[in-house]
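The structure appears right after this line, and notes come after that.
The values are calculated or read from the model by the stated rules, or taken from the named source; none is laboratory data. Predicted, not measured: the structure shown is a model, and the values here were computed from it. Cβ: placed from backbone, ideal geometry, glycine included. Neighbour counts: every protein chain shown. With ligands, DNA and RNA removed, areas are computed over all heavy atoms of the protein, side chains included. Shrake-Rupley method; radii C 1.70, N 1.55, O 1.52, S 1.80 Å.
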Amino acid sequence: MDFKKINNWTGWIVTLIACTVYVMTIEATGSFWDCGEFISSAYKLQIPHPPGAPMFVLMGRVFIILFGDNPLTAAKAVNTMSALASGFTVLFLFWTITHFAKRMVETSKEVALTTQQIILIMGAGIVGALGYTFSDTAWYSAVEGEVYALSSFFTALVFWAILKWEHKADEPGADKWIIFIFYIMGVSIGVHLLNLLTIPAIVMVYYFRQYKPSLVGGLVAFLIGVVITGFVQVFLIQYTIKWAGAFDVNFVNSMGLPFFTGFIFFFVLVAIILALGIRYADKKGKYFLKLGIWCTAFFLLGYTSYLTTMVRSNADPSVDMYNVDNPVTLMGYLGREQYGDWPILFGPDYVDKVENVENGDQYVKAKTTYEIAGKNYKRDWSSAPSAHLFPRMWDSDNDRGQMDSFKAFAGVEDGTPPTLRDNIKYFTNYQFGFMYLRYFLWNFAGKQNDLQGFGNVRDGNFSTGISFIDNFIFGDQSKLPDSIKNQNKAHNSLFMLPFLLGILGFIYQYQKNKKDFIVTGLLFFFTGIAIVIYLNQQSLQPRERDYAYVGSFYAFAIWIGLGVLQVAIWLEKFLSKKIAAIAATVITFLAVPALMAQQEWDDHDRSQKTLPRDLARNYLESCPPNAILFSFGDNDTYPLWYAQEVEGIRPDVRVVVNSLLGSDWYMKELRYKVNKSDKFDLIFTEDQVMGSKLNVAYYNAVPGFGEANYHDLDSVFRNVIADPLGKYQASTQEGPVNIFPTHKFKVPVNKANALASGIAKPTDNVVDELLIDFNPNRQYLLKNEMAIYAIIATSQFKRPICFTSTQELKEMGLDKYVRQTGMSYQLVPTIGQSIDADVSYKNIMTKFTFGNAKNPNVYYDEENRRHLNSIRLTIAQVAQALVSEGKLDSARQIIRKLDSETNEKSFPYGMTSNRGNQHNYFSYIFLQSCYASGEMNVAKKVSSSVLKDLNQAIAYYKSLGDPMSEDQFMQNIENAYQSKPNSLSNKQIVFVQDALTTYQLIAAIEKMSQDFAAKK
């Protein structure tokens, strides 16, 4: 049998299976998180968030053109690109596994492989590759328009390429594979940095093939691999751009030359130096120097995709993150400067303050020169009193309650300063155990449910499906509420079979071929644990982060495949070698990839889900024509970008992202027209907010600006905060700072404009002024907050201003002036009517869409359910408003609308959730509107579902501790909530708030039912 031909054909068949599965299950439109941004960027060649992904954008654009350059197929095109990239990742994984398996099976290179050996090698490749295909994290990334699928493809390609070089190393010209690897790495930088972490493993392959291994030699080779990784990451990726930017500043400012002259000169100079270096190495016979220079040259050639970022940014597209229109901003873009940095090897604990030290001038592109707009700063991690080696428990603030989580995972008592040992314990328990090992076991042992995990035994843990193991670790799993167990599609029982098969492969490779074991082990370590150490993740992350470690799951799949060889050896004791090879393949195929596919298909099939697009549509359609819509989170913003930029939904609405308003480049973008949305004024000039100017203003009392009266906002901002004469700046040790002299502002209302634009109704009691009370306890005002105030002040009520949420408005004193018009909240010059019931009713009945939630086969994970709950809450609020106006029939209509558009199998009314029982609470609010309107059919359905889940939740909480009566348990819950002595177990204590709200909801629903019955 021809091994090469069989290996190729089998690999392509496995790839066809993977591609088919992924294409069948891709999301119908854009997904949540960054996908909407990336698809929008690909559709119009725009600029996504730092550090960018220009190669992803270019390739996405090609796929969009292949799909007809149609806005309605653009998302499917980019999602298909991810699916195919993931399918071809499986191809290279298959060939990688068969490469290692062949070396372990063959007795001699001179002797042809037998049929039994070929069957066994193919079986290893099939089981390992398809095991990865159906793994949770890889499948998740494969069906959405994000960078991780394409990044995994490039990672698999370069690792396979070094094995290809190893096979041909004795042939002339074999080192072209090394150059090819570095070119692909350069290309992949335009997608993601993941495949740089393959370099140590690649160097070890080279070392083992070219040299006689030894302990010292191996350590030297490993260190060389680490150094090369650092050289590429720091020198080639960042310093080349940094120096090119410095050249450009010099050429423009000192020589008066056009922008980009110095940038071009620098890289021409680099090309000349590389050419001379190759010539020198040729003459002197320095082969490794020549190879290194060629690798550098081709890496930089692959890296040139970032030139398109600057070209497109100069065209001022709608999505233009960081405004990368020159080499200086390209430096900050690649360095992710807007996100700051964090300590890795040395730094402080908790929220200890760290000094910022100057790190050069901050240059900003002006009309003809680069101007200094302030200073660049970097953190001095050694400046904090608590600084020490290996800091793991630090964050810049405690906004998410990180301090308590630090202490809980490290076992530190209140009032006790953490030690290095505590940091190591936190690393072990949280960063490695909870934020890596848990994800690893999701993929290869099983998954409990799709609730985001925060460290308790109920939410988002691994789950094997083996009762005595799961019950021992997490408590009696049979007591979990049905909504997060049997009815939760993400509840996947793999019985640890993929994990155990991988462990067999791990041991077998170690015993049979230690060289290959070291190579695979390094790939596993650097794409997994090394990332854990580098990221230094803090507690209470906003989302699960399993996607960051997909490279190590890929490496483990190699061991899953090799585990088939060990199973075959065991079966050979009872069967012939050929039958044993077939049996091992069939048994492991059924036990691993087949089981994984059966368990995980339903929660990875997104082919009929359209919620992110529909949610964005609901926000936009809730806005009046030509509105400004402020968004406050990624999953508000990115779907809005997708809806507008790709599908062309409501291009007249200007989406303004609150989190980006704190940057000068974003404020600049608001000054030009986007789509069909006109530009608008911001009070401040471009120069006044350039760079770090006006990043913050501090409260400082000034005569004439007391807190007893309200002061004209426009005047205060122009004359005091912006302070063109320097009269109102305060002196500090770090230099003069801008100030604001009052927490009370007023904005005059142009009533004629408000009525003419439709912002105010003729029946409204329009106020003369908006009286704004900024939080009196706040001693600082941020640039994004100033920008919101400035936009309101300058709009003069000619243009509607809306918000996706009111949560952030209370701090700014604006919450009393907004009126709900569906999913959005409109700023109005009147007080008293918080909901425009008629407009909201019309929007809901004629414009709202629900993400195909009426289809019982569509799966909505926790994030999707959270946004469906937002729609449910909106309808409940509007229904209550309609009831209060006596429009009971209209209230019942929108309640029935929601009930008919959502199916309980895909989006149940009763469902256990974290964040204080949020899901059931929203259903309770909806139930109130059902009773109030008299819609009893829906009320019975909601009440039954929610009460069932709440009672199951109480039974579950009780099962986690010692037996006690209902009254005793309730009393212990109340005692614990009030920090009084109680008899709750450690597993129960974390659910005190959830249990308390559960009891409260049960009581409230039962009372509501009784009250309604009494009225009848």
Which of the lysines could a cross-linker bridge to K727, judged by Cα under 18 Å and excluding same-chain residues fewer than eight apart?
K693
Whole-Å distance linking the alpha carbon centroid of segment 509-587 with that of segment 665-709 is 54
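Run the numbers for M845 and A756: contour at 0.36 nm per residue of separation, minus the present Cα-Cα distance, in nm.
On the way: separation 89, 0.36 × 89 = 32.04 nm, distance 2.61 nm.
Gain on stretching M845 to A756: 29.4 nm.
What's the extension gain from T806 to K479 if we count 0.36 nm per residue and subtract their Cα-Cα distance?
113.9 nm
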When Rg is the radius of gyration of the Cα atoms in segment 730-850 and Rh is its Kirkwood radius, what does Rg/Rh come to?
1.05
Using only the C-alpha atoms of segment 642-697, find the volume of their convex hull and express it per residue in Å³.
84
How do 885-893, 89-97, 170-178 rank on mean C-beta neighbours within 10 Å, highest first?
89-97, 885-893, 170-178
Give the lysines whose C-alpha is closer than 30 Å to that of K44, dropping any in the same chain fewer than 8 places away, or say none.
K76, K242, K365, K367, K609, K668, K673, K676, K679, K783, K847
How far apart, in nm, are two points set 7 Å out from the Cα along the Cα-to-Cβ line at K816 and at E1006?
4.0
Residue-by-residue Karplus 3J(HN,Hα) for segment 457-464, coefficients 6.51, -1.76, 1.60, Hz, glycine and proline x
8, 9, 10, x, 8, 6, 8, 7
Which whole-angstrom value gives the distance between the alpha carbon centres of segment 39-78 and segment 395-413?
40
Qualifying trypsin sites (Lys or Arg not before Pro) in segment 89-168, DSSP loop, other Cβ atoms within 10 Å at most 14
K109
Using +1 on the beta carbon of Lys and Arg, -1 on that of Asp and Glu, and nothing else charged, what's the dipole of segment 273-387 about the Cα centre, debye to 20?
840
Just need the relative contact order of the chain here, percent rounded to a whole number, with Cα pairs under 8 Å and 6+ apart.
11
Before I look further, what does the chain give for accessible area per residue, probe 1.4 Å, in whole square angstrom?
41
Between segment 883-908 and segment 792-808, the Cα center-to-center distance that results, in Å
29
Could you give the semi-axes, largest first, of the ellipsoid that matches segment 127-231, computed as the square roots of 5 times the alpha carbon gyration tensor eigenvalues and rounded to whole Å?
27, 15, 15
By per-residue mean of other Cβ atoms within 10 Å, what is the highest-first order of 132-141, 320-329?
132-141, 320-329
Förster radius 22 Å - calculated FRET efficiency between Q541 and E413 (Cβ-Cβ, nearest 0.05):
0.35
For segment 459-614, compute Rh as the Kirkwood radius over C-alpha pairs and then the Stokes-Einstein diffusion coefficient at 4 °C and 1.567 mPa s; write the answer in µm²/s, rounded to an integer.
71
Only helices counted: for the chain, with every DSSP H run of 4 or more residues adding -39500 (n - 2.57) and the sum spread over all residues, [θ] at 222 nm is -17000 deg cm²/dmol
May I ask you to derive the FRET efficiency for S715 and A1014 from their Cβ-Cβ distance with R0 = 56 Å, giving the value to the nearest 0.05?
0.45
Distance between modelled label sites at D962 and S979, nm, 7 Å Cα→Cβ extension
2.4
Given a cut-off of 20 Å, what percent of all Cα-Cα pairs of segment 354-453 lie beyond it?
59
Mind computing the radius of gyration and Dmax over the alpha-carbon atoms of segment 2-120? Å is fine for both.
19.4, 57
Which value in Å does the Kirkwood hydrodynamic radius of the chain take, with 1/r averaged over all unlike C-alpha pairs and then inverted?
31.3
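What does the extension gain come out to for K854 and D397, with contour length at 0.36 nm per residue minus their alpha carbon separation? List each step's numbers first, then the result.
Numbers: separation 457, 0.36 × 457 = 164.52 nm, distance 4.19 nm.
Length gained between K854 and D397: 160.3 nm.
As an exercise, use a Förster radius of 60 Å and the Cβ-Cβ distance of L771 and K905 to find the FRET efficiency, rounded to the nearest 0.05.
Numbers: r = 49 Å, r/R0 = 0.82.
E between L771 and K905, to the nearest 0.05, is 0.75.
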So how many Å³ per residue does the convex hull of the Cα atoms of segment 39-180 work out to?
139
Excluding same-chain residues fewer than 8 positions from K425, which lysines have a Cα within less than 18 Å of its Cα?
K407
How large is the direction-averaged shadow of the alpha-carbon convex hull of segment 183-268, in nm²?
7.2
Are there DSSP H segments in the chain that both extend 27 Å or more along their axis (alpha-carbon positions) and score a mean Kyte-Doolittle hydropathy of at least -0.5? List them, or say none.
3-25, 74-105, 147-168, 261-284, 550-571, 862-884, 936-959, 992-1015
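In whole percent, and with a 1.4 Å probe on the protein chains, what portion of the accessible area of segment 1-42 is carbon and sulfur?
72
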Could I have the simple spin-label model distance between E106 and L223, label points 7 Å from Cα toward Cβ, reported in nm to one decimal?
3.5
Given 25 °C and 0.890 mPa s, how large is the Stokes-Einstein diffusion coefficient of segment 383-536 in µm²/s, with Rh as the Kirkwood radius over Cα pairs?
138
By the Cα gyration tensor axes a ≥ b ≥ c (a/c under 1.5 gives rounded; else a/b larger than b/c gives prolate, otherwise oblate), the shape of segment 547-651 is prolate
